[in-house]
Amino acid sequence: LLVPLFQRPYVWNEADQWEPLWLDLQRVAQRMLDGGGAPVTPHFLGAVVVQGQTTQIGDLVANIVIDGQQRLTTLQLLLDAIHLVAEKVGATNAAKRLLSLTRNDESFCSHPEDMFKVWPTNHDRAAFNEVMAAVSPFSYDHLQHRNSRIIQAHAFFADAVETFVRERGEDDCTERVNALERAARDFLQIVVIQLDGEENAQEIFETLNGRGSILTAADLIKNFIFQRLLEEGADVEKIYQSQWQEFESSFWEQQVWSGSLQHQLSSLFLNHWLNAHTEDDFSVREVFTRFKRFALHDVKDSMIGLLGQIRRASSVYRQFIEASTSKLPSETRLDDFAYRIGVLEADVMRVVVLWLRDPER
């Protein structure tokens, strides 16, 4: 899988991609360890588009990566990090199975880079080769390209994997690394769109990435919540009507300015609500990733309970928004405050109001 020169360098990072991916994989592995007969739900990584290349008979089958190079590169780094830890704890069979997912058979390798299943764009090749070919034990601090995101990603995954594997002591290491290996090998799913050599790859790339309406943070969060409720056997139709339907009204779907950018009001509310709950600052484009982490790992409530919290907080937020745009005489000091905040466009104060007037506090 060859990433062409014209593609951007590796840009994924810990907060937005590495940690969420690791937490999802860890959750799948933990469910396998806990057992109990409950089905293990695969984790969907998205879609990639590849285009076949003409090769000589007997050579490696080659494909150009048209779309999806960030997730493919990250997946290779994750698999290699698990392989590294598997070797450390003596899980030989798991290590061998993982190696077959990152390395090609030596008999098909005509060039040194042929050993890898994925060969990234020119900018990242030296760092990728250095860390993927490194022989254990080694120190990340001593690698020549230690400041590269490629090597930082590998180090993050290796540290996270080792912590998980050794969490219950040396006696459980093999079982835990086997669960991680199986989760990564069998329960990470990717949709692959395979193009023939004569198809116009650029047109397909534009269709996938540049046309149609972009999903908002509210769209993504809605899908996440109701998928989980469906898996739990909840009456999603009833819950939708009582807890979510209002978010698809004209009030919540209006586009509003926040700084120099426009956002759907429902997405801006979810951003501010999550800012208030996590007491952390992040932008609207990061909301879905942060919400997913919050819902799965931080909050103690059930998914239906969390949805109820959002619904109740939305009433507080709506009253504040409506007061900020009203030309009628204010009825309360809070209405006065809301109006002034609206004029000043001081969005951060909406987070403070949500925190102070949170119905759950």
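The values are calculated or read from the model by the stated rules, or taken from the named source; none is laboratory data. Quick caveat, the model's predicted, so the values are computed rather than measured. Don't worry about glycine lacking a Cβ; one is built from the backbone with ideal geometry, like all the others, and counts go over all protein chains shown. Just so you know, the surface numbers come from the protein's heavy atoms only, side chains and all, with ligands and any DNA or RNA stripped out. Shrake-Rupley method; radii C 1.70, N 1.55, O 1.52, S 1.80 Å.
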Cα centre as origin, Lys/Arg/Asp/Glu Cβ charges: region 21-111 dipole, Debye: 260
Give the relative contact order (percent, whole number) for the chain; include only Cα pairs under 8 Å separated by 6+ residues. 18
Estimated inter-spin distance, H123 and R312, nm [label 7 Å along Cα→Cβ]: 4.7
Region 122-136 - phi-based ³J(HN,Hα) in whole Hz, Karplus 6.51/-1.76/1.60, Gly and Pro as x: 3, 4, 9, 5, 4, 5, 4, 4, 5, 7, 6, 8, 5, 9, 5
Output the 0 to 90 degree angle, nearest 10, between the alpha-carbon long axis of helix 173-186 and the longest principal axis computed from the alpha carbons of the chain. 80
Against the longest alpha carbon principal axis of the chain, how many degrees, from 0 to 90 and to the nearest 10, is the axis of helix 149-165 turned? 90
So for region 255-317, what percent of the C-alpha to C-alpha distances run longer than 15 Å? 51
Quotient of Cα radius of gyration and Kirkwood radius for the chain, i.e. Rg/Rh, equals 1.03
Which percent of the accessible area of region 236-361 is formed by carbon and sulfur heavy atoms (probe 1.4 angstrom)? 50
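Can you tell me the dipole magnitude for the chain around its Cα centre, using point charges on the Cβ only (Lys, Arg +1; Asp, Glu -1), in Debye to the nearest 20? Intermediate results must be reported in sequence, preceding the final value.
Working: 35 positive and 52 negative charges, 119 e Å.
So the dipole magnitude of the chain works out to roughly 560 debye.
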Against the longest principal axis of the chain, how steep is helix 19-34, in degrees 0 to 90 to the nearest 10, with axes from Cα atoms? 80
Of the peptides 222-232, 73-83, 22-32, how do they stack up when ordered by the mean number of other Cβ atoms within 10 Å, highest first? 73-83, 22-32, 222-232
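Can you tell me the accessible area per residue over the chain, all protein chains present, probe 1.4 angstrom, in square angstrom? Write out the running numbers ahead of the final one.
Numbers: 19660 Å² over 361 residues.
The answer is 54 Å² per residue.
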